[in-house]
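These notes concern the structure reproduced below.
The values are calculated or read from the model by the stated rules, or taken from the named source; none is laboratory data. Everything numeric in this text was worked out from a predicted model, so none of it was measured. Here Cβ is always computed from backbone atoms with ideal geometry, including for glycine, and neighbour counts include all displayed protein chains. SASA here: full protein model, heavy atoms, side chains in, ligands and nucleic acids out. Shrake-Rupley method; radii C 1.70, N 1.55, O 1.52, S 1.80 Å.
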Amino acid sequence: MSAAAQGTSKAAHGDVGPKKKKGPGALATAYLVIYNVVMTAGWLVIAVGLVRAYLARGSYHGLYYSIEKPLKFFQTGALLEILHCAVGIVPSSVVLTGFQVMSRVFLTWAVTHSIREVQSEDSVLLFVTAWTVTEIIRYSFYTFSLLNHLPYLIKWARYTFFIVLYPMGVSGELLTIYAALPYVQKTGLYSVTLPNKYNFSFDYYSFLILVMISYIPLFPQLYFHMIRQRKKVLGHTEDYSKVE
């Protein structure tokens, strides 16, 4: 699922719910701050790489190749968020966080990396751009939250930019998977046919179609959840501003 979808999770290393819970210890907090700073810097590197490549080429086509390595590295680095939840230093669901992180790792490696024919598709740049902006904001938000010094601008961006970035990311992801289907069907990539000694079969082509279908119920739920979260987090501040 798209980067903005991850806004629904508190693997966020810093989101606080209505009821205040005991935060991580000093050592865990220091580690989380370092992790989020590194991840923020990593996605900034990706953003700068995209801009530099665009300025050098004068075209947005094929920009994926200019940031392929850092994208794979830092997106895979998000797997640590699942571990953070599992060991309890972040108060979030391991299942929800795992689903959100793995969906993006899956798209990075099992689709974009594995099927080179789709890497030049404009849809790849669409979701990469959405992910990049979202992650810079998200990890910055977590860093400042952990330091108990969260600028309003970052909080506002965290709960506002998803309105555009989430549909943008989802569109890019779906279009990329769709573009991959003919190549998967032609090559039989990752598919297992019978007969074999394990008496097991798997059709990767059909699996990708099921992945696309799963967006239908999931996208509206996550999107409107974030809309409600935005009203809850920013609503009072905006109402106060109107009174002023």
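A few comments on the model shown:
- Residue in region 120-127 that is farther than 17 Å from VAL233 by Cβ and aromatic (Phe, Trp, Tyr) present: yes
- Considering region 189-242, the residues that are aromatic (Phe, Trp, Tyr) and open to solvent by less than 50 Å² (accessible area, probe 1.4 Å) include one that is modelled with the highest pLDDT, namely TYR204.
- Evaluating THR132 against the criteria (1) open to solvent by 50 Å² or more (accessible area, probe 1.4 Å); (2) touching a helix residue (DSSP H, G or I) at 6+ places or on another chain (Cβ under 6 Å); (3) under 30 Å from PRO182 (Cα atoms) leaves one unmet condition, (1).
- Residue within region 78-87 that is touching a residue at least 60 places away in the same chain (Cβ under 8 Å), in contact with a helix residue (DSSP H, G or I) (Cβ under 8 Å, 6 or more places away or on another chain), buried (at least 20 other Cβ atoms within 10 Å of the Cβ) and over 23 Å from TYR35 (Cβ atoms) present: no
- Consider region 51-68 and keep the residues that are touching a helix residue (DSSP H, G or I) at 6+ places or on another chain (Cβ under 6 Å) and in a helix (DSSP H, G or I). The one that is farthest from THR112 (Cα to Cα) is ALA53.
- Of the helices (runs of 4 or more DSSP H) lying entirely inside region 112-205, the ones with 2 or more residues being over 20 Å from ASN36 (Cβ atoms) are found at 122-146, 162-187.
- Across region 174-188, the number of residues qualifying as in contact (Cβ under 8 Å) with a residue 40 or more places away in the chain, open to solvent by less than 40 Å² (accessible area, probe 1.4 Å) and either out of contact with any Leu (no Cβ under 6 Å at 6 or more places or on another chain) or farther than 11 Å from LEU208 by Cβ (or both) comes to 4.
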